[in-house]
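*Asks:* To start, I am sharing the structure in question, which I have written as structure tokens.
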Amino acid sequence: MAIQRPKGTQDLLPGIIEQWQYLEETIRSVCREYGYEEIRTPMFEATELFQRGVGQTTDIVKKEMYTFQDKGDRSMTLRPELTASVCRAYVEDKLYGQPQPVKLYYIGPMFRYERPQSGRFRQFHQFGVEVLGADQPIVDAEVISLVWNLYKRLGLSGLEVHVNSVGCPVCRASHREQLQEFLISRKKDLCNDCQERFDRNPLRILDCKNPSCQEVTVGAPTTRDTLCEDCSTHFEKVLAILGRAGVVYRVNPRLVRGLDYYTKTAFEVMVEEIGAQSAICGGGRYDKLVEEIGGPATPGIGFAMGIERVLAALQVQNKLPEEKPKQFAMLIALGEKAQIEGFALLTALRSKGIPVGMDLLGRSLKNQLKSANRQGASLAFILGEEELDRNVLVIRDLTSGEQMEVPLNDAVEEIFMKYQRGV
Ligand code: ATP
Ligand code: MG
């Protein structure tokens with residue numbers, strides 16, 4: 001049997017790739033407008049980076065990482081997310097020495113060993129941003145507003161932006177106690193995962209998707225009830241800035257991003273229409289992370305967005321660009337001499353930025369014309385022995401069928417003008 005691609009991966013072929021390019025270009029222009037610069041980090045890192053940077057108790061580290069020993073017997077892991085890598089680069093490349101804050105974005109593949117299903121892959125792609133070195137509420141608002149405005153630019157609707165504050169280590173300690181007290185008598189009704197979480201990370205129980213856990217946690221103390229004054233003021237400011245900027249959000253006191261280093265603002269964006277995997281974006285503030293991986297104490301905030309899920313939302317809402325761009329023109333060269341001359345002409349046109357093609361299979365005039373039409377070309381340039389003798393090129397408008405002749409020497413100029421005019 002022929003070899004197949006690994007489970008949970010995709011080939012992105014022409015016809016689909018244009019949608020990816022469109023989304024990526026839109027992302028890049030929004031990032032430019034918001035003043036974020038691109039960063040690219042390695043596809044694999046020392047395993048320890050993710051163990052410390054993502055957190056030992058998370059699903060990602062417990063069961064989803066692609067980890068291997070390299071030939072030097074070092075443990076390496078294909079990146080499952082990029083926040084830890086960006087923080088590592090911030091420390092290693094001394095970005096803390098540059099004017100602060102540092103505002104970065106990335107687009108690229110991530111790898112998680114999960115059960116593949118609709119909207120869930122083993123190699124998937126994320127767009128994300130990270131802002132390092134600023135702790136003001138306005139930064140949280142900027143990051144959320146970037147997401148909101150990207151979706152607006154893409155024409156998506158029906159999105160729900162959920163925001164919450166998970167507090168800081170100080171107020172979280174008292175919340176943790178109150179929560180454990182509330183849950184202790186019904187601990188046995190929790191799912192296995194949550195029973196495990198009870199001691200290690202009880203906060204996570206609040207956003208367990210299991211119905212029985214949801215029932216047990218009805219009326220449980222939320223983080224918002226226990227925020228300290230600093231965290232509470234921070235949160236109210238974020239909400240006020242978002243409201244004034246026209247971002248529609250919902251405070252969801254159950255929204256918890258699992259990691260220990262998450263502080264204050266947490267948020268998630270959902271779209272119902274794309275099925276069970278409805279989260280298209282998740283993010284939050286992580287004021288302890290840079291320190292956690294060995295850098296100077298630095299506040300940070302960011303999000304990661306699933307490209308495949310955004311594309312799925314664009315698909316169901318019919319917001320994707322129609323079809324792949326059409327070929328502008330095809331050169332039809334007949335005979336060996338015409339082919340050599342024609343290829344030189346093609347090269348001159350291409351170097352002026354005009355997309356043109358020619359037959360590569362030695363087809364007849366009739367079949368070359370057919371193929372030009374099939375590719376949706378607007379023009380055909382015809383060059384045969386007879387045209388070569390007279391030093392002319394025939395330009396045929398494939399829509400109207402009209403033809404004209406131009407001197408071969410003027411052909412590049414003539415065609416360039418047509419290209420600029422759009423025919
Ligand atoms: P989920 O609850 O869907 O597993 P998550 O909390 O693991 O999401 P994050 O680590 O916050 O997700 O990643 C941010 C975004 O990346 C998600 O909101 C989602 O859109 C996308 N994403 C995460 N895992 C996958 C995957 N395996 N396949 C496709 N997209 C994914
Ligand atoms: Mg996950």
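*Asks:* Taking the Cβ of Leu334 as the center, what net charge do the other residues with Cβ under 13 Å away carry, scoring Lys and Arg +1 and Asp and Glu -1?
*Replies:* -4
*Asks:* A further question follows. What Rg and what Dmax come out for the chain when only alpha-carbon atoms are used, in angstroms?
*Replies:* In order Rg, Dmax, the Cα atoms of the chain give 28.2, 97 Å.
*Asks:* Moving to a separate point now. For q = 0.20 Å⁻¹, what log10 I(q)/I(0) does region 146-275 give under the Debye formula with an equal point scatterer on each alpha carbon and no solvent?
*Replies:* Treating every Cα as an identical point scatterer, log10 I(q)/I(0) equals -1.14.
*Asks:* In square nanometres and to one decimal, what's the mean projected area of the convex hull around the Cα atoms of region 329-415?
*Replies:* 5.1
*Asks:* Taking the simple approach of a point 7 Å from Cα along Cα-to-Cβ for both Ala276 and Glu37, what is their distance in nm?
*Replies:* The modelled label-to-label distance comes out at 4.3 nm.
*Asks:* Something else about it: How big is region 49-116 in terms of Cα radius of gyration and Dmax, in angstroms?
*Replies:* 14.0, 43
*Asks:* What full-extension length gain, to one decimal in nm, is calculated for Glu405 and Tyr113 as 0.36 nm per residue of separation minus the Cα-Cα distance?
*Replies:* Value of the extension gain: 99.0 nm.
*Asks:* Here's a follow-up. By the gyration tensor of its Cα atoms, with a ≥ b ≥ c the square roots of the eigenvalues, what is the shape of region 1-144: rounded for a/c under 1.5, prolate for a/b over b/c, or oblate?
*Replies:* Note, shape of region 1-144 comes out oblate.
*Asks:* Still on this structure, please answer the following. Could you size up the charge dipole of region 329-415 around its Cα centre, putting +1 on the beta carbon of Lys and Arg and -1 on that of Asp and Glu, and report it in debye to the nearest 20?
*Replies:* 500
*Asks:* Then there is this: Count neighbours as other Cβ atoms within 10 Å of each site's Cβ, and list the trypsin sites (Lys or Arg not before Pro) in region 150-201 that are DSSP loop with at most 13 such neighbours.
*Replies:* none
*Asks:* On to the next question. To check you understand DSSP bridge types, tell me what percent of the beta bridges within the chain (both residues inside) are antiparallel, rounded to 5.
*Replies:* Percent antiparallel among DSSP bridges in the chain is about 80.
*Asks:* Counting only GluC sites (Glu not before Pro) that sit in a DSSP loop (anything but H, G, I, E, B) with at most 16 other Cβ atoms within 10 Å, what is the longest stretch of the chain containing none of them?
*Replies:* It works out to 115-321.
*Asks:* Pairwise over distinct Cα atoms, reciprocal of the mean inverse distance: report the Kirkwood radius of region 1-71 in Å, one decimal place.
*Replies:* Result for region 1-71, one decimal place: 16.2 Å.
*Asks:* Once the Cα atoms of helix 137-154 and of the chain are each reduced to a long axis, what angle between those two axes, in degrees from 0 to 90 to the nearest 10, is obtained?
*Replies:* 40
*Asks:* Working from Cα positions, state the angle (0 to 90°, nearest 10) between the long axis of helix 336-351 and the longest principal axis of the chain.
*Replies:* On a 0 to 90 degree scale, this one is about 40.
*Asks:* Next question. How large is ³J(HN,Hα) for each residue in region 269-285, as worked out from phi by the Karplus curve 6.51 cos²θ - 1.76 cosθ + 1.60 (θ = phi - 60°), to whole Hz, x for Gly and Pro?
*Replies:* These are the phi-based 3J(HN,Hα) values: 10, 10, 10, 5, 5, 8, x, 4, 7, 8, 7, 9, 7, x, x, x, 8 Hz.
*Asks:* Could you go through region 112-127 in sequence order and give the Karplus-derived ³J(HN,Hα) for each residue, using 6.51 cos²θ - 1.76 cosθ + 1.60 with θ = phi - 60°, rounded to whole Hz, and x for Gly and Pro?
*Replies:* Calculated HN-Hα couplings, in order: 9, 7, 10, 7, x, 7, 4, x, 9, 10, 8, 10, 10, 10, 10, 9 Hz.
*Asks:* Could I ask something else about it? Any chance you could give the angle, 0 to 90 degrees and rounded to 10, that helix 307-316 forms with the longest Cα principal axis of the chain?
*Replies:* Orientation of helix 307-316: about 70 degrees from the principal axis.
*Asks:* Along Cα→Cβ, 7 Å out, is where each label goes; now give me the distance between the ones at Asn210 and Cys228 in nm to one decimal.
*Replies:* 3.2
*Asks:* Could you grab the relative contact order for the chain? Cα pairs under 8 Å, six or more apart, rounded to a whole percent.
*Replies:* Reported as a whole number, the value is 15 percent.
*Asks:* Counting other Cβ atoms within 10 Å, which chymotrypsin sites (Phe, Trp or Tyr not before Pro) in region 227-273 have at most 15 and lie in a DSSP loop?
*Replies:* none
*Asks:* A follow-up question, please. What is the sum of charges, Lys and Arg at +1 and Asp and Glu at -1, for the other residues whose Cβ falls under 13 Å from the Cβ of Gly422?
*Replies:* Every neighbour counted, the sum reads +2.
*Asks:* While we're here: Pick out, in residue order, every one of the trypsin sites (Lys or Arg not before Pro) in region 351-423 that is DSSP loop and has at most 14 other C-beta atoms within 10 Å; say none if there are none.
*Replies:* Lys352, Arg363
*Asks:* In nm, to one decimal, how far is the Glu291 label point from the Gln21 one, both placed 7 Å along Cα→Cβ?
*Replies:* Modelled inter-label distance: 4.7 nm.
*Asks:* Oh, and also: Quick one: net charge of Arg5's neighbours, Cβ under 13 Å, K/R +1, D/E -1?
*Replies:* Cβ neighbours under 13 Å give a net charge of +1.
*Asks:* Only counting other Cβ atoms within 10 Å, I'd like Ser232, Ser85 sorted with the fewest neighbours first.
*Replies:* If I rank by nearby Cβ atoms, fewest first, I get Ser232, Ser85.
*Asks:* Looking at region 329-415, send over the antiparallel percent of its DSSP beta bridges, to the nearest 5.
*Replies:* Percentage antiparallel, nearest 5: 55.
*Asks:* Between Asp59 and Lys188, what FRET efficiency comes out of the Förster formula 1/(1 + (r/R0)^6) with R0 = 35 Å and r the beta carbon distance, rounded to 0.05?
*Replies:* 0.95
Throughout, read-outs are computed from the coordinates displayed, never taken from laboratory work. Since we're looking at a predicted model, the values are computed, not measured. Because the Cβ atoms are built from the backbone with ideal geometry, glycine has one as well, and the counts that use them run over all protein chains shown.
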